[in-house]
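Student: Input: one structure, supplied below.
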Amino acid sequence: MRIVVYDQGGARVEIGDVAGQTLMSAIRDKGLNITAQCGGCAACATCHVYVDDEWTSKLKPVGDVEDAMLDIAEERQENSRLSCQVKRTEDLDGLTVRLAPGSG
Ligand code: FES
């Protein structure tokens with residue numbers, strides 16, 4: 001499985017052979033600048049990403065807890081997600097996201 005991430009500065013990083021169980025852990029384990037302060041408990045919103053349009057409908061819907069946390073995230077948009085709440089699955093090969101302001 002492969003993930004494409006644009007960091008806060010716009011640099012493109014491709015993560016192949018992702019080891020983590022969530023999008024957040026994959027980004028963090030690659031050494032990118034993501035705070036993820038709560039460690040993946042949907043309690044901090046510092047793992048906020050913007051999902052590229054072609055992928056938004058392929059992700060599971062935002063849950064109630066994630067939705068509440070996104071409300072306190074900096075610059076929430078329609079395509080905002082908490083990366084710790086996005087589980088890696090094979091059908092997400094090529095998933096492309098951008099690290100949001102306040103995530104690093
Ligand atoms: Fe804290 Fe995702 S790591 S909400």
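The values are calculated or read from the model by the stated rules, or taken from the named source; none is laboratory data. Model, not experiment: these values are computed from the prediction. Cβ sites come from the backbone with ideal geometry, for glycine too, and all protein chains shown count toward neighbours.
Student: Considering each of Arg76, Arg28 in turn, give the residue that is within 16 Å of Gly104 (Cβ to Cβ) and among the basic types (Lys, Arg).
Tutor: Arg28
Student: Would you confirm, using the coordinates I've provided, whether Val5 is more than 12 Å from the ligand (Cβ to nearest atom), at pLDDT 95 or above and surrounded by 20 or more Cβ atoms within 10 Å (Cβ to Cβ)?
Tutor: yes
Student: Check Ala36, Ala73 and return the single one that is touching a helix residue (DSSP H, G or I) at 6+ places or on another chain (Cβ under 6 Å) and among the aliphatic types (A, V, I, L, M). It would help to see each step written out before you state the result.
Tutor: Working: Ala73 fails: touching a helix residue (DSSP H, G or I) at 6+ places or on another chain (Cβ under 6 Å).
Result: Ala36 is the single residue among Ala36, Ala73 that is touching a helix residue (DSSP H, G or I) at 6+ places or on another chain (Cβ under 6 Å) and among the aliphatic types (A, V, I, L, M).
Student: Now, a different point. Can you name every residue in segment 26-38 that is small (Gly, Ala, Ser) and free of Cβ contacts under 8 Å to residues at least 40 places away in the same chain?
Tutor: Within segment 26-38, Gly31 is the sole residue that qualifies.
Student: So, of the residues in segment 16-43 that are at negative phi and surrounded by 20 or more Cβ atoms within 10 Å (Cβ to Cβ), which turns out to be modelled with the lowest pLDDT? Reasoning before the result, please.
Tutor: From segment 16-43, those at negative phi are 16, 18-30, 32-35, 37-38, 41, 43; that's our starting set.
Applying the additional criterion that residues be surrounded by 20 or more Cβ atoms within 10 Å (Cβ to Cβ) yields 18, 23-28, 34.
Working: Val18: 68, Leu23: 95, Met24: 96, Ser25: 94, Ala26: 93, Ile27: 94, Arg28: 94, Ile34: 97.
Applying the filter and picking the extreme gives Val18.
Student: Now for a separate question. Taking segment 74-83, which residues are on the phi < 0 side of the Ramachandran plot and more than 9 Å from the ligand (Cβ to nearest atom)?
Tutor: Glu74, Arg76, Gln77, Glu78, Asn79, Ser80, Arg81
Student: Still on this structure, please answer the following. If Asp71 satisfies every condition in (1) within 18 Å of Arg98 (Cβ to Cβ); (2) more than 12 Å from the ligand (Cβ to nearest atom); (3) among the acidic types (Asp, Glu) but one, which is the exception?
Tutor: Only one criterion is unmet by Asp71, namely (1).
Student: Please go through segment 11-20 and give me each residue that is over 12 Å from Gly94 (Cβ atoms) and in contact (Cβ under 8 Å) with a residue 24 or more places away in the chain, ordered by number.
Tutor: Gly20
Student: When you go through Asp64, Asp52 one by one, which is the residue that is touching a residue at least 40 places away in the same chain (Cβ under 8 Å) and among the acidic types (Asp, Glu)?
Tutor: Of Asp64, Asp52, the one residue that is touching a residue at least 40 places away in the same chain (Cβ under 8 Å) and among the acidic types (Asp, Glu) is Asp52.
Student: Please tell me if Gly31 is small (Gly, Ala, Ser), over 12 Å from the mean Cα position of the chain (by Cα), in a loop (DSSP other than H, G, I, E, B) and more than 9 Å from the ligand (Cβ to nearest atom).
Tutor: Yes, satisfied.
Student: While we're here: Can you name the residue in segment 62-93 that is at pLDDT below 95 and under 18 Å from Val13 (Cβ atoms) and, of all such residues, is surrounded by the fewest Cβ atoms within 10 Å (Cβ to Cβ)?
Tutor: Asp93
Student: Report yes if Leu23 is in contact (Cβ under 8 Å) with a residue 24 or more places away in the chain, away from the ligand (no atom under 13 Å from the Cβ) and closer than 15 Å to Val97 by Cβ, otherwise no.
Tutor: Working: in contact (Cβ under 8 Å) with a residue 24 or more places away in the chain: yes; away from the ligand (no atom under 13 Å from the Cβ): no; closer than 15 Å to Val97 by Cβ: yes.
Judged against the criteria, Leu23 is not a match.
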